[in-house]
Amino acid sequence: MGTGEPTPGALREFHDRLVEAYGPQRWWPTQDDHNPRFEILVGAVLTQHTAWTNVEIAIAALREAGPLTAEALLAHDDLPALIRRAGPHNVKARRLRALCEWFVARGGFEAISQLDTATLRRELLALHGIGHETADVILLYAFSRPAFVADAYAFRIMERYDWSSGARNYERLRNRIEAVGPVDDAPFYDELHALIVAHAKARCHKSRPDCGACALAMRCPQRGVETTRSSRSRS
Ligand code: SF4
């Protein structure tokens with residue numbers, strides 16, 4: 001059955017079926033539960049194109065080297081070496097520095113929290129190395145703003161679910177989902193993103209999705225799934 005257009009009820013059902021299948025996810029994973037917000041900023045940059053286990057190692061190295069604050073990170077001469085386990089370390093060190101400089105110049109969490117969501121998103125997107133996905137992860141998890149993270153997992157599942165088609169466009173999918181999502185309900189988007197990641201890893205694999213055991217199968221037209229299978233068998 002094709003669904004085509006997401007509706008408030010259909011998005012809620014999509015979310016609820018995934019909660020039923022995987023349980024509450026309670027992201028974002030941090031090492032310091034008492035002061036997690038700056039760690040979320042750091043993790044959002046370090047996780048770009050990098051497995052989370054390597055991000056955790058890099059964050060642990062930063063913690064060992066000193067307090068996890070913007071000022072301390074800016075003072076590390078050896079920042080690239082400290083985060084070397086998290087992928088291209090020179091590139092990510094430049095991105096982290098840009099984020100920290102902005103954070104300090106803007107007056108830290110208290111002052112930045114006064115910004116409205118559109119302004120905050122715009123300022124994050126203007127920073128070196130911060131793209132749409134990283135900006136929305138920061139908005140959602142560090143500043144509790146309702147934002148849909150339209151990452152590659154979301155595109156994969158929503159294309160198959162028939163809620164996204166054509167050339168991938170981050171802002172189009174984000175706006176489409178937010179238009180039918182609950183207003184001012186950051187916890188909903190927080191769980192939705194985490195559940196999408198869980199579902200992509202557990203069932204809706206890039207190749208050969210496990211549709212037979214999928215909690216969304218009743219409503220999913222599985223668009224493109226046969227193409228994926230036949231192109232694999234041809235290769
Ligand atoms: S039915 Fe298959 S294609 Fe659709 S969401 Fe589930 S695993 Fe993915």
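Before moving on, here are some points about what is shown:
- Of all accessible heavy-atom area on the chain, the percent that carbon and sulfur account for (1.4 Å): 50
- Cα gyration tensor shape for region 1-54, rounded if a/c is under 1.5, else prolate or oblate: prolate
- Once the Cα gyration tensor of region 21-82 is diagonalised, semi-axes √(5λ) in Å: 23, 13, 9
- Averaging the sequence gap over all C-alpha pairs within less than 8 Å and six or more residues apart, then dividing by the number of residues, gives the chain a relative contact order of 28 percent.
- Computed from point charges on the beta carbon alone (+1 for Lys and Arg, -1 for Asp and Glu), the dipole magnitude for the chain about its Cα centre is near 1140 Debye.
- Taking all Cα pairs closer than 8 Å and separated by 6 or more residues, the relative contact order of region 122-235 comes to 27 percent.
- The trypsin sites (Lys or Arg not before Pro) of region 112-197 that DSSP puts in a loop, and whose beta carbon has at most 15 other beta carbons within 10 Å, are 168.
- Descending principal axes extents, the chain, alpha-carbon based, whole Å: 56, 41, 32
- Qualifying trypsin sites (Lys or Arg not before Pro) in region 1-84, where qualification requires a DSSP coil assignment and no more than 11 other C-beta atoms within 10 Å, comprise 26.
- Rounded to the nearest Hz, the phi-derived 3J(HN,Hα) couplings of region 180-190 under the Karplus curve 6.51 cos²θ - 1.76 cosθ + 1.60 (θ = phi - 60°) are 10, x, x, 6, 6, 10, 4, x, 4, 5, 4, where x marks glycine and proline.
- Surface exposure of region 1-101, expressed per residue as accessible area with a 1.4 Å probe, stands at 52 Å².
- With all protein chains kept in place, the per residue accessible area of region 118-229 amounts to 42 square angstrom at a probe of 1.4 angstrom.
- Which of 73, 120, 86, positive extreme of dipole for region 37-142 (C-beta unit charges): 86
- Region 37-142 - Rg (one decimal) and Dmax (whole number), Cα, Å: 12.8, 36
The values are calculated or read from the model by the stated rules, or taken from the named source; none is laboratory data. Note that the structure is a prediction, hence the values are computed from the model and not measured. When we count neighbours, we look across all protein chains shown, and the Cβ atoms used for this are built from the backbone with ideal geometry, even at glycine. The protein model used for the area step is the full one, side chains on, heavy atoms only, and it has no ligands, DNA or RNA in it. Shrake-Rupley method; radii C 1.70, N 1.55, O 1.52, S 1.80 Å.
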